[in-house]
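Participant: Here it is: the structure, laid out below.
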Amino acid sequence: MANQQNALPDPTDTDPQETKEWMESLEGVIAQEGAERAHFLIEKVIGQAREAGVDLPYSANTEYINTIPTDQQPKYPGNPDMEIKLHSYIRWNAMAMVVRANKETNVGGHIASFASAAALYDVGFSHFWRSINDPSGGDLIFFQGHSVPGVYSRAFMLGRLSEGQMDNFRQETDGKGISSYPHPWLMPDFWQFPTVSMGLGPIQAIYQARFMKYLDSRGLAKAGDRKVWAFLGDGETDEVESLGAIGMAGREKLDNLIFVINCNLQRLDGPVRGNGKIIQELESEFRGAGWNVIKLVWGTHWDALFQRDKKGILKKRMMELCDGEYQTFKAKNGAYVRENFFNTPELRELVADWTDDEIWQLNRGGHDIFKIFAAYDRAIKTKGAPTLILAKTIKGFGMGQAGEAMNTSHQQKKMDKEQIGRFRDRFNLPVPDDKLEELPYLKFAEDSEEHKYMMQRR
């Protein structure tokens, strides 16, 4: 109730007292009977209004905040410090294999895509995805093609790939290397499905999930609780195949299907929606098609500010900005964010006792393992509809001036010694200065706690 009493006045409200009474009634229902009852009552009121001729167009958008409130996050089951250390090693190897492959060749590859999605994959690998030898039959994962250096990096650390294979990234024609993108013809013991960032994965995933339901309903093969996961980029959603069958997935109620869209707000050469918000756009498209949509926008460091904000000014400011502006913030520094995001006296008051460094640590949800776990946990428990997770990230996370949140980051294939040194320092990696240019691959000894931890969750 405090939030409503202290909210900013709405100039379009002709009777604030009546509005206050309605809002207090709704808050009372939520407090006493829960969110489902409140949702039921709202739907009944909307239905009655439409029957009476009140024109109420459907809005599929929610506020630009996380769908799952902090107090509804489940307890994280892993060792966060251990997992962040593992993530850092995986990030390094993924970067190293692309840079090493391009020292003497021009085979290409992508550093920035996996850098933005690393935590999204790692939480899945560690806590959710089951392999084919699981009693369930295992989950099916359609990996985004541009992020595969990270999948190879994890496989190398688990002993599945050799240094020689890593060094021959995108040079597999002689049988010694590993393929540019997932393809079971090229690597039959490694990849389940062919994908790249052209919409192939999403539409395959939809029909795979549907076929599993088909087989199950006819008693031919049990689907059980197996899930089909598809990872794609926000720029990839412009491909016709990416969204072309989402209506069918909603109509068929494919609750065995989960899409994770890595919303790093950038495509090949600039913002995905420079003067709009791709997360809001995709939310409305998928929700309108009957999907359960989970927005994973802000990380844990924002929670304290949301707690402080009793007037809703933070959420209002978040809605005002466009993707192009959000990218500019992450290509600058904390002082710039203080000046340009917290741009009113009231907003500045929220961070008055914060340093510029603390403001710079305000993180996006797609890099926060606690928020990611909450979203994945909600997704696998959803019944009666497919789920979309919209995860906001930073393209080239950790690359600094070599490409973090920059328009050129997608095409970044090379890094100089200084840039590599900053990457090492950012993730606290054990690479001495005199070895930086060699870009040594990192892995843990088989008797180490880190290796045991990875193997236990393989």
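Participant: Using the crude model of +1 on Lys and Arg Cβ and -1 on Asp and Glu Cβ, and no other charge, please compute the dipole size for region 40-81 relative to its Cα centre, in debye to 20.
Facilitator: The calculation lands at about 100 debye.
Participant: Computing the accessible area with a 1.4 Å probe over protein heavy atoms, can you report the carbon and sulfur percentage for the chain?
Facilitator: 51
Participant: Kindly sort 154, 458 by accessible area of their heavy atoms, largest first, with the probe set to 1.4 Å.
Facilitator: 458, 154
Participant: While we're on this one: At 0.36 nm per residue, minus the direct Cα-Cα distance, what do residue 17 and residue 253 gain on full extension? Give it in nm, one decimal, please.
Facilitator: Once the chain is fully extended between residue 17 and residue 253, it gains 80.8 nm.
Participant: Let me ask something else. Cross-link partners among lysines for residue 213, C-alpha distance below 26 Å, same-chain residues fewer than 8 apart left out?
Facilitator: Residue 213 reaches 222, 227, 253, 381, 383.
Participant: Leaving out ligands and nucleic acids, note down the accessible area per residue over the chain with a 1.4 angstrom probe, in whole Å².
Facilitator: 48
Participant: I need the calculated FRET efficiency for the pair residue 173 and residue 104, taking r as the beta carbon distance and R₀ as 22 Å, to the nearest 0.05.
Facilitator: 0.85
Participant: Once you put a point 7 Å from the Cα of residue 33 and another 7 Å from the Cα of residue 325, both along the Cβ direction, what distance in nm separates them?
Facilitator: Here the modelled spin labels are 3.9 nm apart.
Participant: Could you give the size of the charge dipole of the chain about its Cα centre, using +1 on the Cβ of each K and R and -1 on the Cβ of each D and E, expressed in debye and rounded to the nearest 20?
Facilitator: Rounded to the nearest 20 debye, it is 1080 debye.
Participant: Give the span of region 262-336's Cα atoms along each principal axis, as three whole-Å numbers ordered largest to smallest.
Facilitator: The principal-axis extents, from largest down, are 36, 31, 20 Å.
Participant: Restricting attention to region 99-180, which GluC sites (Glu not before Pro) occupy a DSSP loop and are surrounded by at most 15 other Cβ atoms within 10 Å?
Facilitator: Those that pass, being in a loop and sparsely packed, are 104.
Participant: Where the centre of each part is set by its Cα atoms, how far does region 369-390 sit from region 283-310, in angstrom?
Facilitator: Centre-to-centre distance over Cα atoms comes out at 12 Å.
Participant: Starting from the Cα gyration tensor of region 179-302, take the square roots of the eigenvalues, sort them a ≥ b ≥ c, and report rounded, prolate or oblate (rounded when a/c is under 1.5, otherwise prolate if a/b is larger than b/c, else oblate).
Facilitator: oblate
Participant: Is it possible to state the helix-based mean residue ellipticity at 222 nm for the chain, with each DSSP H run of 4+ residues giving -39500 (n - 2.57), the sum divided by total residues, to the nearest 500 deg cm²/dmol? What is it?
Facilitator: -13000 deg cm²/dmol
Participant: Of 141, 128, 106, which is farthest on the positive side of the dipole of region 74-144, counting Cα position, with +1 on Lys and Arg Cβ, -1 on Asp and Glu Cβ, and the Cα centre as origin?
Facilitator: Most positive-ward Cα: 106.
Participant: Going by Cα centres, region 119-145 and region 167-197 are how many Å apart?
Facilitator: 19
Participant: Counting other C-beta atoms within 10 Å, and keeping those with at most 16, which DSSP coil GluC sites (Glu not before Pro) do you find in region 10-43?
Facilitator: On the way: sites: 18, 21, 24, 27, 33, 36, 43; in loops: none.
Within region 10-43, no GluC sites (Glu not before Pro) qualify (loop, at most 16 other Cβ atoms within 10 Å).
Participant: Test of understanding: extend the Cα→C-beta vector of residue 380 to 7 Å, then name every residue of region 132-165 with backbone N under 18 Å from that spot.
Facilitator: 132-143
Participant: For a quick size check, give me the Cα extents of region 179-249 along its three principal axes, largest first, whole Å.
Facilitator: That gives 37, 33, 16 Å along the principal axes, largest extent first.
Participant: Moving on. Taking a point 7 angstrom from the Cα of residue 43 along the C-beta vector, which residues in region 50-66 have backbone N less than 19 Å away?
Facilitator: 50-52, 56-62
Participant: Rounded to whole Å and sorted largest first, what semi-axes of the equivalent ellipsoid does the C-alpha gyration tensor of region 44-126 yield via the square root of 5 times each eigenvalue?
Facilitator: Equivalent ellipsoid semi-axes, largest first: 46, 22, 7 Å.
Participant: Is the chain best put as rounded, prolate or oblate by its Cα gyration tensor, with a ≥ b ≥ c the root eigenvalues, rounded for a/c under 1.5, and otherwise prolate when a/b is larger than b/c, oblate when not?
Facilitator: Cα axes put the chain in the oblate bin.
Participant: Sort 307-319, 178-190 by the packing proxy (mean of other Cβ within 10 Å over each peptide's residues), most packed first. Please report the intermediate quantities before stating the final value.
Facilitator: Values: 307-319: 14.7, 178-190: 16.5.
Ranking, from highest mean packing down: 178-190, 307-319.
Participant: Using only the Cα atoms of region 292-381, build the gyration tensor, take square roots of its eigenvalues as a ≥ b ≥ c, and label the shape rounded, prolate or oblate: rounded if a/c is under 1.5, else prolate if a/b is larger than b/c, else oblate.
Facilitator: On the way: a/c = 1.82, a/b = 1.67, b/c = 1.09.
Cα axes put region 292-381 in the prolate bin.
Participant: Using a basic spin-label model with each label point 7 Å from the Cα along Cα→Cβ, how many nm lie between residue 416 and residue 428?
Facilitator: In this crude label model, residue 416 to residue 428 measures out at 2.9 nm.
Participant: Rank 201, 159, 54 by how far each Cα sits towards the positive end of the charge dipole of the chain (+1 on Lys, Arg Cβ; -1 on Asp, Glu Cβ) and give me just the farthest.
Facilitator: 159
The values are calculated or read from the model by the stated rules, or taken from the named source; none is laboratory data. Predicted model, so just to flag it, every value in this text is computed and none were measured. Methodologically, a virtual Cβ is constructed for each residue, glycine included, from the backbone with ideal geometry; neighbour enumeration extends over all protein chains shown. Areas reflect the complete protein model, heavy atoms only, side chains present, ligands, DNA and RNA absent. Shrake-Rupley method; radii C 1.70, N 1.55, O 1.52, S 1.80 Å.
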